[in-house]
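Heads up: the structure comes next, in C-alpha cells.
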Amino acid sequence: MYNEKQKAQLNDFLKKITEEIDIPDSKYEEATSRYQSVGEWLARKESKLKDFSPDIYPQGSFRLGTVVKPLNREGEYDIDLVCELDISKENITQSGLKEQVGIELKAYAKANNMNAIPENKKRCWTLDYANEFHMDILPAIPDSIFFKLLLESQSLSADWTETAIAITDKTHHNYDRLDNDWPSSNPKGFAEWFKDQMKAIFKQRRMVLAESLKAEIEEVPEYKVKTPLQRTVQLLKRHRDIYFDGKEYKPISIIITTLAGHAYNSEDDLYTALINIVENISNINSFKKNGKYEILNPTNPAENFADKWNEDENLPRAFQEWLVQVKKLFRDLEQKNTLLEIQNYLKPVFGANIVAIAGSNIQAQAANRITPKKYPTVEIKNPEKPWGNL
Amino acid sequence: MLSEKNKIVLDQHFVELTNKFPDFIKKECDNQVVIRGKLPFRAIYNNETIEDEYEIKIIIPDDYPESIPTVNEISGRIPDDFHRNKFIDDSLCLGAPRAIAKKFKKSPTLLYFVEQQVVPFFYSYSYFQKYGKMPYGDLPHGGEGILEYYKSYFGISDDIAITGLLRILADNDYRGHILCPCGSQNKLRKCHGKLLIELIDISLTKACLYEYMQVLDYLFKSKKKIPKEYLSKTIEKEIKKIKNGKK
C-alpha cells in the first residue's frame, strides 16, 4: 500500500502529465482573444447582426477546463464556441440563421486575411487558424421557454434551463421551414452543473492560487483553477485517445465527463479521485433502466447521451473493457516504487513524449528544491567536428 | 614532473578554472598532477541549451601548457566504447588529435580547455542521450573519421595516399623532392606538399603520430596493405627500443 510520500510523488507526477496534455495558458488566452475579436466583428456598425445582441461564448471542454491535446494534429486544439443571437423562431429558419452567421464570418475571414474560408458543417461553421486552432462556431438562439415547456410536457424537470438554446442542424427535417421545432442544447447549463459537482474544491483551489499570486480571489481567472475532477476527466480522455487510436467504438467525451461529474465526491487529491471515479463508473449495468442504457444530460433529461449504446452493443462493451484496463492500470501503479518505474509504466499509456516531459519537470522541480544548483553557463563555439556513433 | 616554472603557470590556471567551476581539487599522485571534481554546465549550442553534470579527472602532462591535458570521466556515465583514446590511456577522445592539440595551443589554459574542449564533449553525449543523434554533425570515429577529414582536405580519395601524407607529419620529415604519395608522378613540393606544409607544426607532432596510428589501425582492420615506405619511422624506432630493452 502506498505511503504518504509515494502518494504525494504519484499525485505530482499525474498532475504534471495533465499539465502537458492541457492547453497552455498562453494558447487559451490567445484563443479567447480570437473569439472575442469575432464577437466584436459581429457587433460592429456595419454588421447585419448587430441588432440581435450577438454573444460569443465558449462551450464544451474549452469551457469546462477539460481540454486535451489532440493526438494527431500536433498542437491544433479544437475550440468550441456558441454564437448566440437574440432572434425568435417566428422570424427565422434554421438555415436562415446558419446562413446569416456564415456571411459575417466569411467577411471576418476576408477582412483579416485568413487563408482558409469558414467551412459549413452540420451544425457549426469552422474557422481554421492554421497551426493554432480550429474554432467551431455554433449559431444559436435563446430558447428557455420552449425548452421548459418541452420538458414539462414530458413530465421532466431540470435545473439550469434558463440558458437553454436552440441550434441549427442541416439534417433536421425542419431545417428550411419556419417552425418551433429546432434541435436544442444547453452548454452553459451543462457547464454550471459540472462546476457544481466540484464547487467546494474549486473555491478552495482558487483561494490557494490567489494567495500564492498575492491577488484577490476574484482576480484569479477561473480557467487557471484545476480540480481533481477536471484533471481526472483529462487523464481519462487522454487514456481513451491512445487506447482507441485506430480502433472503433471510442466512448464519447460527454459520457466520460458526465459520469465523472456524477461520481466525483470532492476528493482532494488526484490519485484518490481517479481511483474512486473509475471504480464508480465501471459497472455499466448500473446505467441500465428498464433494460436500456441511460446516461441522461443532467440539464436536459430528454437527452440520453447513451442512446447509441442501445443501437449497437459494441459501444457499451468497448466502454466496459476500456474501464477494466484503466482500473488495472491504477491498481498496478500502486506497486511501482520509484519515479522511473512509474514513468516507464505510464509511457505507453499516456504517450512517451508527454510522460518523459512530465518526468523531467518533476526532476527539475526536485533538484531545485533540494539545492538550488549553480550551473555555469558555457557558450559552445566551433566545437570539434563530431565523431559519430561507434 | 612539472618544472617549477610550469607549476606556477598551472597554479594560476587552476585558480582561474575554479573561479568558474568551484568543485575541482588539485592533487599530486605518483609524480603526476591530477585535477578532479564535478563539472556542472549549462551549455548552449545552436539555441539548444543542455544542463548536466559529470564528474571528471584531468591529467596534466609534464610539459603543460605545451601539451594538451587528457581527461577521463569518473561518474561512470560515458560507456567504455564511446570515443576513447584506445592507444593511449582510454581517456576521452575530444576530437582528432592534431585538431584538438592545435585548438589548445590557441589558448593553452585549463579554463579554455574545460570550456571549449571538455564541455562540448559532454554536451554531445548528453545531447546524444536526449535526441539519439550527435549535435555537431557526423563523422565516423577514429581512423575512419580522420581519413575522411583529410581526404576532404587534400582532395584525394585514396586511403593509402593519405596514409603516406600523414606519415610525413607523424615523423616530421617533410622532403619536397620525393614523389607525392597521391600518385601524380609530380614532386611533393609541386603537388600536395603545399597543403601539407600548412599542417606542419613541430609542437603537434605527437598528436599527428596518434592520428596516424588510428588511421593505420583502421586500415589494418579493413585488411588494406600499406607500402613499406609509408610505415612510420618513429613507430619503428619505438618498437626496436622496446625489443632491445627486452633482450
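Computed from the coordinates by the stated procedures, all read-outs in this text should not be read as laboratory data. None of the values given here were measured: they were computed from a predicted structure. Note: ideal-geometry Cβ built from the backbone for every residue, glycine included; neighbour counts use all protein chains shown.
Relative to the globular-protein estimate of 2.2 N^0.38 Å, the Cα radius of gyration of region B:1-64 stands at 1.32. Give the calculated FRET efficiency between B:Lys7 and B:Glu229 to the nearest 0.05, with a Förster radius of 30 Å applied to their Cβ-Cβ distance. The formula returns an efficiency of 0.10 here. Computed extension gain for A:Leu149 through A:Glu279, at 0.36 nm per residue and net of the alpha carbon distance, reaches 43.1 nm. In the elastic network of chain B, a GNM with C-alpha springs shorter than 10 Å, the most mobile of B:Ile59, B:Ile162, B:Ile202 is B:Ile202. Here the calculated FRET efficiency for A:Asn120 and B:Asp89, from their Cβ-Cβ distance with R0 = 60 Å, stands at 0.25, rounded to the nearest 0.05.
Straight-distance candidates among the lysines for linking to B:Lys241, with alpha-carbon spacing under 30 Å and chain neighbours fewer than 8 residues away dropped: B:Lys86, B:Lys102, B:Lys206, B:Lys221, B:Lys223, B:Lys224, B:Lys225, B:Lys228, B:Lys233. Listed by chain and number, the lysines placed with their C-alpha closer than 17 angstrom to that of A:Lys203 are A:Lys195, A:Lys214, A:Lys224, A:Lys226; residues fewer than eight positions away on the same chain are left out.
Here region A:9-48 is scanned for amide nitrogen atoms under 14 Å from the site 7 Å beyond the Cα of A:Lys214 along Cα-to-Cβ, giving none.
Taking the helices alone, chain B has a mean residue ellipticity at 222 nm of -13500 deg cm²/dmol, built from -39,500 (n - 2.57) per DSSP H run of at least 4 residues and averaged over all its residues.
The phi torsions of region A:311-317, fed into the Karplus equation with coefficients 6.51, -1.76 and 1.60 and a -60° offset, translate into couplings of 9, 9, 4, 4, 5, x, 5 Hz, rounded to whole numbers, with Gly and Pro shown as x. The slack in the chain from A:Lys327 to A:Gln365, taken as 0.36 nm per residue of separation less the alpha-carbon distance, amounts to 10.8 nm. Among A:Val225, A:Val101, A:Val378, the largest mean-square fluctuation in a Gaussian network model of chain A (Cα springs under 10 Å) belongs to A:Val378.
Which loop trypsin sites (Lys or Arg not before Pro) in region A:207-258, with loop taken from DSSP, have no more than 12 other Cβ atoms within 10 angstrom of their Cβ?
Within region A:207-258, the qualifying trypsin sites (Lys or Arg not before Pro) (loop, at most 12 other Cβ atoms within 10 Å) are A:Lys214, A:Lys247.
How do A:His262, A:His134 rank when sorted from fewest to most other Cβ atoms within 10 Å of their own Cβ? The partial results should precede the final answer.
Numbers: A:His262 15, A:His134 18.
Fewest-to-most Cβ neighbours within 10 Å comes out as A:His262, A:His134.
Applying both filters, DSSP loop and at most 12 other Cβ atoms within 10 Å, to the GluC sites (Glu not before Pro) of region A:22-69 gives A:Glu46.
With each label modelled as a point 7 angstrom along the Cα→C-beta vector, the B:Lys151-B:Ile197 pair spans 2.8 nm. Give the percent of DSSP beta bridges with both residues in the protein assembly as shown that are antiparallel, rounded to the nearest 5. Roughly 80 percent of the beta bridges in the protein assembly as shown run antiparallel, per DSSP.
With the gyration tensor restricted to C-alpha atoms of chain A, the semi-axes of the equivalent ellipsoid amount to 39, 29, 21 Å, longest first. For region B:170-209, the residues whose backbone nitrogen is under 19 Å from a point 7 Å from the Cα of B:Ser222, taken along Cα to Cβ, are B:181-183. Here the label points at B:Lys187 and A:Ile252, each 7 Å from Cα along the C-beta direction, are separated by 9.2 nm in the simple model. A simple rule links phi to the HN-Hα coupling: the Karplus curve 6.51 cos²θ - 1.76 cosθ + 1.60 with θ = phi - 60°, which for region B:195-201 gives 5, 5, 4, 4, 8, 6, 7 Hz, with x for Gly and Pro. Label zone of B:Asp23 (point 7 Å out along Cα→Cβ, amide N under 12 Å): in region B:75-114 this covers B:75.
Taking 0.36 nm per residue of sequence separation and removing the Cα-Cα distance, the A:Lys374/A:Gln204 pair yields an extension gain of 57.6 nm. In sequence order, region B:11-20 has phi-based couplings of 4, 4, 5, 5, 4, 4, 5, 6, 5, 9 Hz under the Karplus curve 6.51 cos²θ - 1.76 cosθ + 1.60, θ = phi - 60°, and Gly or Pro positions carry x. Under the combined filter of DSSP loop state and at most 15 neighbouring Cβ atoms within 10 Å, region A:120-164 retains these GluC sites (Glu not before Pro): A:Glu132, A:Glu162. For chain B, the square roots a ≥ b ≥ c of the C-alpha gyration tensor eigenvalues yield an a/c of 1.5 or more together with a/b exceeding b/c, which makes the shape prolate.
Estimated from the Cβ-Cβ distance and a Förster radius of 51 angstrom, the FRET efficiency linking A:Ser37 and B:Arg77 is about 0.50.
Label positions at B:Lys243 and A:Gln335, each projected 7 Å from the Cα along the C-beta direction, are separated by 6.6 nm. When each of B:Met1, B:Met213 is scored by the number of other beta-carbon atoms lying within 10 Å, the sequence from fewest to most is B:Met1, B:Met213.
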